[in-house]
Structures are given as C-alpha cells and as structure tokens.
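The values are calculated or read from the model by the stated rules, or taken from the named source; none is laboratory data. From a predicted model like this one, the values you see are computed outputs, not experimental measurements. Using ideal geometry, Cβ is built from the backbone for each residue, glycine included, and neighbour counts are taken over all protein chains shown. Accessible surface is based on the protein model in full, side chains and every heavy atom, while ligands, DNA and RNA are left aside. Shrake-Rupley method; radii C 1.70, N 1.55, O 1.52, S 1.80 Å.
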Amino acid sequence: MILHNTRVGRHAVVRDAILDKNVAVLAGATVGVDKEHDHARGFVVSADGITVVGKGQVVAP
Amino acid sequence: MARQRILGVVLTGGAGRRLRPLTADRAKSAVPFGGIYRVADFTLSNLVNGGVQRICVLTQYKSHSLNRHITTTWQLNSLLDNYVTPVPAQQWLGPRWQAGSADAIYQSLTLIERDRPGLVLVAGADHVYRMDPNQMIQAHLDWDAGVTVAAIPVPRPAATDFGVIRAAADGHRIEAFPEKPADPPCLRGSPDEAFASMGIYVFDTAVLVEALRKDAADEGSGHSMGGDIIPRLVRDGVAHVYDFLQNKVPGGR
C-alpha cells in the first residue's frame with residue numbers, strides 16, 4: 001500500500017509493504033522482499049510479515 | 001418523538017503504539033485509510049449521517065494531521081448551527097495534559113455547558129465500522145437509561161482486552177463491567193462469547209457531568225471512561241447495554 005506523495009524509482013521492487021507518505025524508494029531498491037534485511041535496516045515488520053516504512057524515509061538499494 | 005438536542009464528543013487521544021511507525025507522526029485516528037480518508041472518518045460519518053451534526057473532536061497526541069483533515073473536509077452548514085470542530089487540550093483546569101479519556105471530557109466541560117445538549121454521545125475515533133446512532137439513542141430513551149454502552153459479542157478468549165459487560169436478565173441493564181478481565185463473563189445463552197464494550201456511549205448530560213465531577217475528585221481514579229466512569233454508573237444502576245448486532249444500517253451488513 002502506497003500513500004500520498006511517495007515515489008518509487010525505476011526497477012524498484014515493493015512487496016507486502018505499507019509505504020507511508022513522502023517515502024522515497026530509490027531506483028533499483030527492494031523493500032518487503034527480504035524481511036530480515038528490512039528489520040536490520042530499521043523498518044518495522046509486523047507479525048504477519050508486512051514491512052512498514054515510516055513517513056519520509058528513504059529506501060536505498 | 002421530539003428529538004433531544006444531542007452533542008457528539010469524539011475522543012482521539014490515543015497514541016496508537018501498536019500501529020507504529022504509522023503513528024510516529026500522527027494520532028491513530030489520523031492514519032490514512034482507503035486513499036483520501038482517515039480512520040476518524042468512520043466515526044464522523046456514522047454520526048453526521050445519523051443526524052448528530054454538532055461534534056467536538058477532542059485531540060491531544062500529535063493532532064496537527066487530524067486537525068488539518070477535519071477542518072478541510074468536515075465543513076458542515078453553520079447556518080444550521082452544525083459543526084465538526086477539533087478541540088485541543090486547552091489546560092482550562094491548570095497546566096497539565098489529559099490524564100485519561102474521562103479527564104479529557106472533564107477538561108472540556110465548558111463545551112458541553114455552552115451547547116446545553118440533553119444527550120451527549122461519546123465515541124472513539126479509531127474504529128472501522130458502520131452504525132446508525134439513532135437506533136442506539138432511541139434504545140437509551142426507551143430504557144430511560146443514564147448511560148447506554150454499545151457492545152458487540154466477541155469470542156471469550158479475545159475479550160480480555162476489552163471492557164466486558166454482564167447484562168441482567170432483561171438483556172440490557174448492566175450488572176457488571178470488568179475492564180480487561182482475566183476471566184470474562186460469558187454472554188447470556190452463549191457460553192463461548194462475551195459482550196465487549198465498543199467505547200461508544202450515549203449519556204444523559206446531567207448523569208455524565210455529575211459522574212465526571214465525582215471522578216475528578218477521586219484521587220484513586222484512573223480517569224478513564226471504560227475503567228472508571230462506566231463502572232461508577234453501573235454501581236449506581238443506571239447503565240444499560242445496546243447490542244451492536246441489533247443495529248440495522250441502510251444496505252445491510
């Protein structure tokens with residue numbers, strides 16, 4: 001689920017994730033695919049395996 | 001029926017810790033839902049479409065996002081004296097935040113005193129549901145209740161997170177209201193279910209104001225609607241329960 005004013009760059013992959021407002025997923029980045037990596041990067045992963053990226057965060061490749 | 005003047009009071013104080021990080025920058029009731037909506041819109045839509053068109057939304061926690069949404073979207077007709085207005089914690093009673101949901105209303109009693117409603121409908125703003133409040137208000141009047149609490153049957157093991165209602169033999173007077181009980185009383189005639197409070201209340205104004213005043217003077221109180229005000233009124237014998245499943249909405253459930 002992608003909220004307002006969030007940008008997803010070319011060839012980026014978003015799976016099983018909630019992206020809050022003003023998030024930037026940079027070109028080629030992945031989020032929601034590798035839950036352990038998401039967790040290690042500081043994103044919240046719910047018990048059901050949904051990655052949540054907070055407002056205004058940048059997801060780098 | 002000559003309709004009583006009714007004021008809606010919507011509580012949005014909760015921080016919504018379980019929804020982090022979506023609630024890192026906004027109150028739970030301001031979390032976006034379905035594109036252009038916010039969670040609070042469910043409660044506001046139920047009230048406004050049910051004819052409760054003077055509503056104070058009490059805010060405290062990171063309320064700017066919700067303020068902006070309400071002031072830009074819920075503009076009712078002021079010629080008819082209708083409004084939905086966000087009310088911040090204003091420290092009428094001293095330099096402190098709201099200590100609980102009851103204290104939030106107590107601190108804003110001036111709003112109720114100025115509006116002079118016969119009834120006050122208090123609801124949370126973090127529920128996703130559809131309801132016609134008129135049917136609950138009518139039940140409240142039919143029972144001549146001091147307060148009427150909306151409740152929904154839930155599986156008994158899930159009821160330990162809610163205020164749970166034990167109804168009397170007549171099906172609606174409340175005998176007991178344990179908050180988050182380890183062993184919830186079951187629903188009459190249904191041993192696997194319990195009656196969970198939805199945090200939606202219709203009050204006679206005088207009953208609400210008196211209970212809030214007494215609660216504010218009680219130093220042992222947690223100043224919560226579900227934990228303190230409703231149990232107090234249950235002890236007084238004036239609390240009744242309205243079964244949400246009796247509520248019929250256009251289009252059906």
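Among B:G227, B:A176, B:A89, whose Cα lies farthest out toward the positive end of the dipole of chain B, if unit charges sit on the beta carbon of Lys, Arg (+1) and Asp, Glu (-1)?
B:A89
Determine how large the accessible area of B:E113 is when every protein chain is in place; take a 1.4 Å probe and give Å² rounded to the nearest 10.
Spelled out: B:E113, probe radius 1.4 Å, area about 90 Å².
Over what distance in Å are the Cα centres of chain A and segment B:55-89 separated?
Each part's Cα centre sits 32 Å from the other's.
No solvent, one uniform scatterer per C-alpha: report log10 I(q)/I(0) for chain A via the Debye equation at q = 0.21 1/Å, two decimals.
Relative scattering, expressed as log10 I(q)/I(0), comes to -0.70.
For the protein assembly as shown, with only Lys/Arg (+1) and Asp/Glu (-1) charged at the beta-carbon, what is the dipole magnitude about the Cα centre, in debye rounded to 20?
Dipole of the protein assembly as shown, to the nearest 20 debye: 1060 debye.
What is the interface area between chains A and B, defined as buried accessible area summed over both chains with a 1.4 Å probe, reported in Å² to the nearest 100?
Chains A and B together bury roughly 800 Å² of accessible area.
Which pairs break 31 Å Cα to Cα here: A:K35/B:K62; A:K55/B:K180; B:K62/B:K180; B:K62/B:K248; B:K180/B:K214?
Violating the 31 Å limit, Cα to Cα: A:K55/B:K180; B:K62/B:K248.
Applying 1/(1 + (r/R0)^6) with R0 = 25 Å to the Cβ-Cβ distance of B:T72 and A:I2, what FRET efficiency is obtained, to the nearest 0.05?
E between B:T72 and A:I2, to the nearest 0.05, is 0.70.
Shape verdict for the protein assembly as shown, please, from the Cα gyration tensor: rounded (a/c under 1.5), prolate (a/b greater than b/c) or oblate.
Prolate.
Could you give log10 I(q)/I(0) at q = 0.15 Å⁻¹ for chain B, computed by the Debye formula over C-alpha point scatterers of equal weight, without solvent?
Result of the Debye calculation: -1.12.
Out of all DSSP beta bridges in the protein assembly as shown, what portion is antiparallel? Express it as a percent rounded to 5.
Within the protein assembly as shown, antiparallel bridges account for around 45 percent of the total.
Given the options B:F42, B:V31, B:P153, identify the residue whose Cα lies farthest towards the positive end of the charge dipole of the protein assembly as shown (+1 on Cβ of Lys, Arg; -1 on Cβ of Asp, Glu).
Most positive-ward Cα: B:V31.
For a Förster distance of 22 Å, can you work out the FRET efficiency between the beta-carbons of B:K180 and A:A47, rounded to the nearest 0.05?
0.60
When ligands, DNA and RNA are left out and all protein chains stay put, how many square angstrom of accessible area per residue does the protein assembly as shown have with a 1.4 Å probe?
49 Å²
So for the pair B:L93, A:A27, with labels modelled 7 Å out along Cα→Cβ, what separation do we get in nm?
The two pseudo-label positions are separated by 5.9 nm.
Check each residue of segment A:1-32 and keep those whose accessible area, probe 1.4 Å, is at least 10 Å² smaller with all protein chains in place than in the chain alone; give them in order of residue number.
With the partner chains in place, segment A:1-32 has these residues losing at least 10 Å²: A:M1, A:L3, A:H4, A:I18, A:D20, A:K21.
Just how much of B:D144 is accessible, in Å², when a 1.4 Å probe is used and the result is rounded to the nearest 10?
130 Å²
Is segment B:1-104 best put as rounded, prolate or oblate by its Cα gyration tensor, with a ≥ b ≥ c the root eigenvalues, rounded for a/c under 1.5, and otherwise prolate when a/b is larger than b/c, oblate when not?
Because a/c hits 1.5 or more and a/b fails to exceed b/c, segment B:1-104 counts as oblate.
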